[in-house]
Amino acid sequence: MKKIIALLLLYLIAYTYSPQVQTGMKTLFQSEPVQQTVTKVENYIATQGWDQVWQNTLGTILQVVSGISSDNPTLEKSMRLLEKHLQIQLNSLPSVNPSSLKEQVSPKLTLYAGDTGVTVDTLKSASSLITTYSLPIIQNSINLNPNRLTEIVFYSNPQMYGDALLRAGISTQEISAIVSQTGGITVNSSIWIPLFNLQGKADLANVLTHELTHVAFNQAGIGAQLPLWFNEGTCWHNGLAAQQKISPAQTKLEIKALTTSLKKTAQSGGLLPLSKIDQGLLSAPYNVEFQGYLATEHLISQHGLDHLQAFLNQVQLYGVQQSFLQNFGQTLSDFENGFKI
């Protein structure tokens with residue numbers, strides 16, 4: 001065990017001073033064989049009673065490798081923080097070229113290649129992730145799924161993605177940040193995913209499930225009615241559930257790192273109330289979407305998925321306020337003002 005920790009510390013030193021190592025190790029750490037090994041080692045160490053030592057050591061590595069650092073609020077922000085800004089600007093995404101390479105997941109769900117770097121194998125792999133993980137998880141958690149025409153466009157090339165954003169009406173001043181920071185964009189029933197910002201199958205499963213949950217809300221007619229924290233929190237719940245199926249160790253440590261960081265922010269008095277996180281989406285020095293995730297997880301743990309599903313169903317009939325009170329036993333305002341990390 002001492003040798004393992006020594007090697008890990010040596011890696012951290014090399015990583016810190018070498019951009020080449022950073023790039024290579026991010027890809028290596030996220031790979032399926034490494035994640036399987038991490039899970040096996042984690043389980044073994046848990047049986048030996050060394051959980052805290054292991055979590056602290058591996059947690060540090062995950063923070064460095066994934067760019068999740070409580071000391072660097074800019075890095076900690078979710079790659080999805082710009083999505084809401086985009087959704088405000090765009091009424092729809094440009095239509096896909098009919099001649100583009102495509103994969104039919106179902107009669108109403110189609111995957112497209114946004115550039116020539118996206119291959120048939122890429123589309124088939126994404127299709128498999130959607131049918132195996134995304135759709136069952138979404139159905140199980142919110143009892144909804146995309147039921148109208150839905151398209152997902154994948155980009156492998158930052159230049160092509162930037163050009164598509166420019167055609168969509170995004171200003172040239174914003175495109176650089178969007179290309180480098182977004183993990184996915186959902187507008188109505190269209191999703192764009194920049195594959196070059198994702199690391200491995202687990203990450204892609206997370207993003208696909210997250211964005212398809214947004215589509216399910218939009219097609220049910222309640223996406224714009226739901227509080228932002230609940231909308232994003234539920235999408236995070238589903239996305240992380242898909243990621244966990246593929247890489248439980250990575251998911252566990254990611255949640256731990258983000259939760260620890262958010263608790264530090266709460267202790268310093270820096271958290272916005274849930275009702276105000278939309279105002280801090282692009283300016284808050286912490287991950288406001290993860291705050292919504294923790295609030296949603298609290299509701300699920302206290303009331304169960306059946307109440308969450310009933311809430312969503314009744315939103316369509318009675319509105320958010322009445323449905324929230326009926327299913328969660330308090331007003332939406334009381335919950336938003338009283339929820340603590």
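Using the scaling law 2.2 N^0.38 Å as the reference, what is the normalised Cα Rg of the range 173-252?
Ratio of Cα Rg to 2.2 N^0.38 Å: 1.13.
To the nearest µm²/s, what D does Stokes-Einstein give for the range 182-341 at 20 °C and 1.002 mPa s, using the Kirkwood radius over alpha carbon pairs as Rh?
So the translational diffusion coefficient is about 131 µm²/s.
Here are some pairs, Lys201/Lys252; Lys124/Lys252; Lys102/Lys252; Lys201/Lys340; Lys124/Lys245; which of them have Cα atoms lying more than 25 Å apart in this structure?
Working: Lys201/Lys252 16 Å; Lys124/Lys252 28 Å; Lys102/Lys252 34 Å; Lys201/Lys340 33 Å; Lys124/Lys245 19 Å.
Those over the limit are Lys124/Lys252; Lys102/Lys252; Lys201/Lys340.
Of all accessible surface on the range 264-322 at a 1.4 Å probe, what whole percent is carbon and sulfur?
So the carbon and sulfur contribution to the accessible surface is 47 percent.
Near the amide H of Val153, under 5 Å away, which other amide H atoms are found, from residues 5 or more places off or on another chain, if H is placed in the peptide plane?
Tyr112, Ile191, Trp192, Ile193
Kindly report the accessible area of the range 142-206 per residue (heavy atoms of protein chains, probe 1.4 Å, no ligands, DNA or RNA), in Å².
40
The values are calculated or read from the model by the stated rules, or taken from the named source; none is laboratory data. None of these values were measured; they are calculated from a predicted model. Remember, those area values only see protein heavy atoms, side chains included, never the ligands or the DNA or RNA. Shrake-Rupley method; radii C 1.70, N 1.55, O 1.52, S 1.80 Å.
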